[in-house]
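Novice: Structure below; questions to follow.
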Amino acid sequence: MSDLPLFKLLLEVLHQTRDGVGVFDSGDRLVFCNQSFGQLFALSKEQATGQTFPDLIRHVHQASTGLLFDTPDIEQLLQQVAKKKRRSVAYRTFENITREGTWHLITQQVTDDDYMLVFCTDISEQKRAEMRERELADKFKRLSETDELTGISNRRSFFARVAKQLQYCRRQQLPGVLLSFDIDHFKLINDNYGHGCGDDVLRQLPALIAECLRPYDLFGRIGGEEFSIFVVDADSTLGLSIAERILKRVENHDFGPPLTPSSVTVSVGMAEVGHSYDLEHLMHAADMALYEAKRMGRNCVRVAVDSTHGYEGATNWAQTLVKVPMEVDMVVDMVSGDNER
């Protein structure tokens with residue numbers, strides 16, 4: 001049986017396939033291609049055949065259709081390809097996109113006699129499916145890390161990010177502070193005006209707090225009306241300044257009826273990163289400082305001081321720190337028995 005019918009059949013299949021097929025000789029001149037391959041370079045198969053690879057790239061770079069090479073300097077790109085990628089290995093695959101938005105998997109094979117076979121397969125549907133899956137995964141990831149009501153980091157996400165920041169601080173020997181705060185008498189807001197009003201306060205709060213923070217500071221809702229902030233590369237002076245700005249910003253904000261101006265305030269407890277960079281210790285110290293801020297009348301800041309097992313604070317935004325002698329574990333007013341936050 002003659003090989004001619006088989007050759008004609010193979011040639012016909014190559015011309016009819018939707019995949020682009022091209023063959024370059026040892027001088028990188030295109031000696032064969034089908035129509036699909038030519039169209040990727042904005043040419044017919046007759047126009048493309050006989051051109052060198054650089055000429056094909058230059059042509060399609062100037063065209064309004066075909067493969068997209070997003071570079072202002074096509075000659076520099078050609079030099080990089082020639083030096084580092086073109087014919088550097090016997091088999092190579094990569095992806096490329098066209099100006100029309102279709103994606104192609106491009107496979108290059110170099111034969112023993114130095115011909116290069118190029119196959120271009122349309123993988124647009126696969127790429128769209130991958131992007132849909134990636135978008136869905138990103139959406140679920142955001143939902144798992146975000147507090148639904150406020151749109152900021154939830155407890156798990158916040159403390160996971162803080163733990164990473166503490167590792168960074170330890171490596172770089174950087175300071176940092178953790179601020180724990182909650183809304184004063186929040187239960188009364190819910191009881192007197194309804195949970196819808198309380199939810200509205202919680203929704204408005206993150207934007208107010210963000211105005212007091214740097215873009216890279218970490219902010220999360222810990223639960224209920226409790227929030228935390230981690231300020232990296234900050235000492236107690238900067239942390240206290242941020243805390244005082246938060247106090248002013250919240251108290252001066254009009255949350256809208258039925259609440260009256262200055263009817264919503266927060267109390268803040270602050271703990272500075274020590275030599276241990278221990279997250280649990282930091283959380284405990286900030287919480288104890290917050291309880292002390294509540295005990296001192298709310299709408300104020302208290303700073304935990306490990307060395308004295310006491311607190312320092314600035315009440316009503318005073319600039320001078322006032323030492324308040326107190327045991328760390330004392331979190332309830334022993335006279336009134338009041339532990340309402």
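The values are calculated or read from the model by the stated rules, or taken from the named source; none is laboratory data. Note that the structure is predicted; figures quoted are calculated from it, not measured. Every residue, glycine among them, receives a Cβ derived from its backbone with ideal geometry; neighbour counts consider all protein chains shown.
Novice: Need a quick list: strands (runs of 3 or more DSSP E) entirely within region 1-109 having at least 2 residues that are of a type in the set (D, E, K, R).
Specialist: Values: elements: 20-24, 30-33, 91-97.
Those strands (runs of 3 or more DSSP E) span 91-97.
Novice: For region 259-281, indicate whether the set of residues that are farther than 16 Å from Glu244 by Cβ, touching a Phe, Trp or Tyr at 6+ places or on another chain (Cβ under 6 Å) and of a type outside the set (Ser, Thr, Tyr) is non-empty.
Specialist: Checking region 259-281: at least one residue is farther than 16 Å from Glu244 by Cβ, touching a Phe, Trp or Tyr at 6+ places or on another chain (Cβ under 6 Å) and of a type outside the set (Ser, Thr, Tyr).
Novice: Could you list, in sequence order, all residues of region 191-200 that are over 16 Å from Asp254 (Cα atoms), more than 34 Å from the chain's Cα centre (by Cα) and part of a helix (DSSP H, G or I)?
Specialist: Taking region 191-200 first, the residues over 16 Å from Asp254 (Cα atoms) are 191-192, 194-196.
Those left that are additionally more than 34 Å from the chain's Cα centre (by Cα): 191-192, 194.
Those that are over 16 Å from Asp254 (Cα atoms), more than 34 Å from the chain's Cα centre (by Cα) and part of a helix (DSSP H, G or I): Asp191, Asn192.
Novice: Please pick out the residue among Leu259, Leu213, Leu240 that is farther than 28 Å from Leu143 by Cβ, touching a residue at least 12 places away in the same chain (Cβ under 8 Å) and in a loop (DSSP other than H, G, I, E, B). Quick ask: steps written out before the conclusion?
Specialist: Values: Leu213 fails: farther than 28 Å from Leu143 by Cβ; Leu240 fails: in a loop (DSSP other than H, G, I, E, B).
The unique qualifying residue is Leu259.
Novice: Quick check on Leu218: is it in the same structural domain as Leu174 (by TED's automatic domain parsing), modelled with pLDDT of 90 or more, among the hydrophobic types (A, V, I, L, M, F, W, C) and surrounded by 19 or more Cβ atoms within 10 Å (Cβ to Cβ)?
Specialist: Details: in the same structural domain as Leu174 (by TED's automatic domain parsing): yes; modelled with pLDDT of 90 or more: yes; among the hydrophobic types (A, V, I, L, M, F, W, C): yes; surrounded by 19 or more Cβ atoms within 10 Å (Cβ to Cβ): yes.
When the stated conditions are applied, Leu218 passes them.
Novice: Another one. Considering region 69-98 alone, what residues qualify as being modelled with pLDDT of 90 or more, surrounded by 14 or more Cβ atoms within 10 Å (Cβ to Cβ) and not β-branched (Val, Ile, Thr)?
Specialist: Arg92, Asn96
Novice: Is there a residue being in a loop (DSSP other than H, G, I, E, B), polar (S, T, N, Q) and assigned by TED's automatic domain parsing to the domain that holds Leu208 anywhere in region 156-174? Walk me through it before giving the result.
Specialist: Just the residues of region 156-174 that are in a loop (DSSP other than H, G, I, E, B), to begin with: 173-174.
Then keep just the ones that are polar (S, T, N, Q); that gives 173.
If we keep only those that are assigned by TED's automatic domain parsing to the domain that holds Leu208 as well, we get 173.
Looking through region 156-174, at least one residue is in a loop (DSSP other than H, G, I, E, B), polar (S, T, N, Q) and assigned by TED's automatic domain parsing to the domain that holds Leu208.
Novice: Test each condition in (1) loosely packed, with under 12 Cβ neighbours inside 10 Å; (2) assigned to a loop (DSSP other than H, G, I, E, B) for Ser144 and report the one that comes out false.
Specialist: Of the numbered conditions (1) loosely packed, with under 12 Cβ neighbours inside 10 Å; (2) assigned to a loop (DSSP other than H, G, I, E, B), the odd one out for Ser144 is (2).
Novice: Run Gln167 past the list (1) modelled with pLDDT of 90 or more; (2) under 22 Å from the mean Cα position of the chain (by Cα) and report the number of the one that doesn't hold.
Specialist: (1)
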